[in-house]
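The values are calculated or read from the model by the stated rules, or taken from the named source; none is laboratory data. Computed from a predicted structure; not experimentally measured. Cβ: placed from backbone, ideal geometry, glycine included. Neighbour counts: every protein chain shown. Just the protein is used for accessible areas: all its heavy atoms, side chains included, with ligands, DNA and RNA removed. Shrake-Rupley method; radii C 1.70, N 1.55, O 1.52, S 1.80 Å.
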Amino acid sequence: MMWHLRKFPVAFPEGHTDVFATVIIPVRNEGRNIERLIRSIYKGATGDFEIIVVDDHSEDETKSIVKHLQEEFEGLNLAMLSEGQSGKKAAITLGVELAKGDLMICTDGDSEVAEGWLDEHRRAFSSGVKLAFGPVKLFNSNNSRWIDLLNLELAALVGVGAATLKMGRPTMINGCNYSFSKKVFEEVGGFEGNDHIASGDDEFLLRKVYQAYPYKIKFLKSSQALVTSEPPQNWEDFYHQRRRWASKWKLHRDVFSMIMPVFIFCVYGVWSWLLVDACLTLNTLGLYILGAKFIVDYLFVSVVSKVQDRRVSITSFVLLQIIYPFYVVFFGVASNFGTYSWRDRIHRI
């Protein structure tokens, strides 16, 4: 995977930035964060573009903040889902319908974008790319060990998403940093067929576009395309977020996407046993195997962390290596039943 990740170009030199872009921001109760995101977009943006904030029945001051910012920023629009409509996919679909151009760029209301973010997506689009996705990291202003662990995990997930795409087996992207062609979105039927599933807008669309244009999807391997997002606010939010992420595996229809999570679950089950056995019995072979895995994982995560514009902490890395096998096994089981909370709504798995 590391080899495939390294093969991605760091930029699209043949691309240009004079492309009209529509930034779609689906929001629900993002009053604490939406102004920061909008200001970050305008701070680094050049050329013609519009922003469409699509409100999903917010119960806080989100709408009033956007309306106030409309007096300051040209091209900032506010749309609202009607009664009977709800969810991120409905919000993105409405944004696409209202968009003036063909380049759609999606991000989340609790994020902040790098100054070159808009132009990186424009360059990819003008080079013929039908769907592009970029790196993501979490805010960590207090240098929290906990957030550092989450950023390491996120680096690995971003790297796996990029590497498996290069291998011809796309698996995952992050919904706060991807773009696509409006024409292609309409051509593949948008979210039709999975619009009843609360999350997964990014992954389901990725697979649809890949089926139609397998060589027109790219990872933006540049820190200028970086989006920084809010981490889970507490343990409960973290628990529900991970259950939501993990629960999507059984909803995919391609064989690879259904088998891969089961394979990973089994692998980490074995790693968990090896870790316990090596620590309790000082099994030399087990220690060698775990050491080799540590080295490979460290090299892989280091590549993505450079794109995240952050350094890998050895302490955090070793700690995550110990925790992660048990973590994967736990959520691999927990994501198959019950409910999760997302955007102040309860969803059944």
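Phi angles across segment 264-277 convert, under the Karplus curve 6.51 cos²θ - 1.76 cosθ + 1.60 with θ = phi - 60°, into 3J(HN,Hα) values of 4, 4, 5, 4, 6, x, 5, 4, 4, 5, 4, 5, 5, 5 Hz, Gly and Pro given as x. Structural size metrics of segment 90-240, computed from C-alpha coordinates, are Rg and Dmax of 15.4, 45 Å. The largest accessible area among Trp249, Trp273, Trp117 belongs to the first residue in Trp273, Trp249, Trp117, and the rest follow in falling order (1.4 Å probe, all chains). Looking at the chain, the accessible area is 47 square angstrom per residue; that uses a 1.4 Å probe and ignores ligands, DNA and RNA. Determine the alpha carbon to alpha carbon distance for each of Lys137/Lys166; Lys67/Lys137; Lys63/Lys88; Lys89/Lys250; Lys183/Lys208; Lys43/Lys216 and list only those over 24 Å. Flagged as over cut-off: Lys67/Lys137; Lys43/Lys216. The residues Lys130, Lys183, Lys248, sorted by heavy-atom accessible surface at 1.4 Å with ligands and nucleic acids left out, run Lys183, Lys130, Lys248 from largest to smallest. Which of Gly95, Gly134, Gly84 moves the most in a Gaussian network model of the chain with Cα springs under 10 Å? It is Gly84.
Among the trypsin sites (Lys or Arg not before Pro) within segment 255-335, those in coil by DSSP and having at most 13 neighbouring Cβ atoms inside 10 Å are Arg311. For the chain, the relative contact order comes to 20 percent (Cα pairs under 8 Å, sequence separation of at least 6).
Partner aspartates and glutamates whose Cα lies under 16 Å from the Cα of Lys306, excluding those fewer than 8 positions away in the same chain, are identified as Asp148, Glu153, Asp297. Around the amide H of Leu138, modelled in the peptide plane, lie the amide H atoms of Ser229, all under 5 Å away and 5 or more residues distant in sequence or on another chain. With semi-axes defined as the square roots of five times the eigenvalues of the C-alpha gyration tensor, the equivalent ellipsoid of segment 294-334 measures 22, 11, 9 Å, largest first.
For segment 120-186, the alpha-carbon radius of gyration amounts to 1.32 times the rule-of-thumb value 2.2 N^0.38 Å expected for a compact globular protein. Dividing the summed -39500 (n - 2.57) terms of all DSSP H runs of n ≥ 4 by the residue count of the chain sets its mean residue ellipticity at 222 nm at -16000 deg cm²/dmol. Working note: Karplus 6.51/-1.76/1.60 with θ = phi - 60° gives segment 78-94 the couplings 10, 10, 10, 5, 7, 4, x, 9, 6, x, 5, 5, 4, 5, 5, 4, 5 Hz, where Gly and Pro are set to x. FRET efficiency for the pair Ala292 and Ser341, taken as 1/(1 + (r/R0)^6) with r the Cβ-Cβ distance and R0 = 45 Å, rounds to 0.70.
In order along segment 138-149, the phi-based Karplus estimate (6.51 cos²θ - 1.76 cosθ + 1.60, θ = phi - 60°) of 3J(HN,Hα) comes to 9, 4, 8, 5, 9, 6, 6, 4, 4, 5, 4, 4 Hz; Gly and Pro are listed as x.
Based on every Cα atom in segment 28-138, Rg and the maximum pairwise Cα distance Dmax equal 13.9, 41 Å.
Annotation: Ile259 carries an accessible surface of approximately 100 Å², with a 1.4 Å probe and no ligand, DNA or RNA atoms counted.
Strictly greater than 37 Å: what percent of every Cα pair in the chain meets that? Tail fraction, whole percent: 16.
The relative contact order of segment 121-220 comes to 40 percent, based on Cα pairs under 8 Å that sit 6 or more residues apart.
In terms of its C-alpha gyration tensor, segment 65-110 has an oblate overall shape, because the principal axis ratio a/c (a ≥ b ≥ c, square roots of the eigenvalues) is not below 1.5 and a/b does not outweigh b/c. For segment 199-306, the fraction of C-alpha pairs more than 18 angstrom apart is 71%. Solvent exposure of Ile264, expressed as accessible area, is near 60 Å², computed with a probe of 1.4 Å over the protein chains only. Positive end of the charge dipole of segment 52-189 (Lys, Arg +1 and Asp, Glu -1 on Cβ, about the Cα centre): tell me which of Leu98, Val66, Ser82 has its Cα farthest that way. Toward the positive end, the furthest listed residue is Leu98. Projecting each Cα onto the charge dipole of the chain (Lys/Arg +1, Asp/Glu -1 at the beta carbon, about the Cα centre), which of Thr171, Phe125, Asn29 comes out farthest on the positive side? Toward the positive end, the furthest listed residue is Thr171. Rolling a 1.4 angstrom probe over the chain with all protein chains present gives an accessible area of which 57% lies on carbon and sulfur atoms.
Label-to-label distance for Asp277 and Ser126 is 5.7 nm, based on points extended 7 Å past Cα in the beta-carbon direction.
Computed with a 1.4 Å probe over protein heavy atoms only, the accessible area of Glu61 comes to about 90 Å².
Here the chain is assigned +1 on the Cβ of each Lys and Arg and -1 on the Cβ of each Asp and Glu. Its dipole about the Cα centre then comes out at about 1360 debye. Charge dipole of segment 33-118 (Cα centre as origin; +1 on each Lys and Arg Cβ, -1 on each Asp and Glu Cβ, all else neutral): 160 debye, rounded to the nearest 20.
Computed about the Cα centre, the dipole magnitude for segment 213-349 is approximately 580 debye when only Lys and Arg (+1) and Asp and Glu (-1) carry charge, each at its Cβ.
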